[in-house]
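Shown next, in structure tokens, is the structure this report addresses.
The values are calculated or read from the model by the stated rules, or taken from the named source; none is laboratory data. Keep in mind that this is a model prediction, so the values were computed, not measured. All Cβ positions, even for glycine, are placed from backbone atoms using ideal geometry, and neighbour counts span all protein chains on display.
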Amino acid sequence: GAVVSQHPSWVICKSGTSVKIECRSLDFQATTMFWYRQFPKQSLMLMATSNEGSKATYEQGVEKDKFLINHASLTLSTLTVTSAHPEDSSFYICSALVASYNEQFFGPGTRLTVL
Amino acid sequence: AQSVSQHNHHVILSEAASLELGCNYSYGGTVNLFWYVQYPGQHLQLLLKYFSGDPLVKGIKGFEAEFIKSKFSFNLRKPSVQWSDTAEYFCAVNDPGGFKTIFGAGTRLFVKA
């Protein structure tokens, strides 16, 4: 099946720094990728839809200037958490869409801890 | 707006017991429905999906789900669970032609050996 990787799998950073998370589709191309945030014991909350070659579409309440998304190629989308604060600590998950099947393939997630 | 409701947050069963996890959605039009599973320490995987046709959908690992349009439900079932089914299960919905997917809160299943 289709494989999606995320890097890093976990990261600890100081408050005020920026962190970049990569999402790659390893054996297929994805024009659309999604970024989710998962709080402990809660569901996945869609943050934004990332489209290759165009601006991301952010969900209501998600700060686009804080969560920068770049989908520069058909196999890579990046999420940069700028000026991270402790409240940004969370589990971030990406998925890549195979549109012909209307099926998303999920990455393993990145655990971000901001001190 | 679309929403997905999963009735049970935690379920504990013994091996060989039958499983049914409830899922209801709120959306006025045609929907695509999904069940995903997240095993401990692993990423989300698709169990099964319903787009159209036979409302009884069979997925991997012996799971099935039934779409009941009149009840806006898509309950997940398995006749006999195994210890290896211990995981978190998410119901999800999107609309045909749109790929934005809304997830339920999840149900944590623990199967006692």
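On inspection, residue A:59 qualifies as surrounded by fewer than 17 Cβ atoms within 10 Å (Cβ to Cβ), more than 12 Å from the chain's Cα centre (by Cα) and at pLDDT below 95. Taking strands (runs of 3 or more DSSP E) as the structural unit, no element lying wholly within the stretch A:1-100 holds at least 3 residues that are farther than 30 Å from residue B:6 by Cβ and touching a Leu at 6+ places or on another chain (Cβ under 6 Å).
Only one entry in A:50, A:15, A:95, A:83 is more than 22 Å from residue B:42 (Cβ to Cβ) and crowded, with 21+ Cβ neighbours inside 10 Å, namely A:50.
Please go through the stretch B:30-49 and pick out each residue that is of a type in the set (A, V, I, L, M, F, W, C) and either in contact (Cβ under 8 Å) with a residue 60 or more places away in the chain or part of a strand (DSSP E or B) (or both).
If the condition is that a residue be of a type in the set (A, V, I, L, M, F, W, C) and either in contact (Cβ under 8 Å) with a residue 60 or more places away in the chain or part of a strand (DSSP E or B) (or both), then B:31, B:33, B:34, B:35, B:37, B:46, B:47, B:48 are the ones that fit.
Residues in the stretch B:73-82 include none that are within 14 Å of chain A (Cβ to nearest Cβ), at pLDDT 95 or above and under 23 Å from residue B:99 (Cα atoms). Scoring residue B:106 on the criteria (1) on the phi < 0 side of the Ramachandran plot; (2) within 11 Å of chain A (Cβ to nearest Cβ) leaves a single failure, condition (1). Being buried (at least 18 other Cβ atoms within 10 Å of the Cβ) and without any contact (Cβ under 8 Å) to a residue 40 or more places away in the chain is a description that does not apply to residue A:72.
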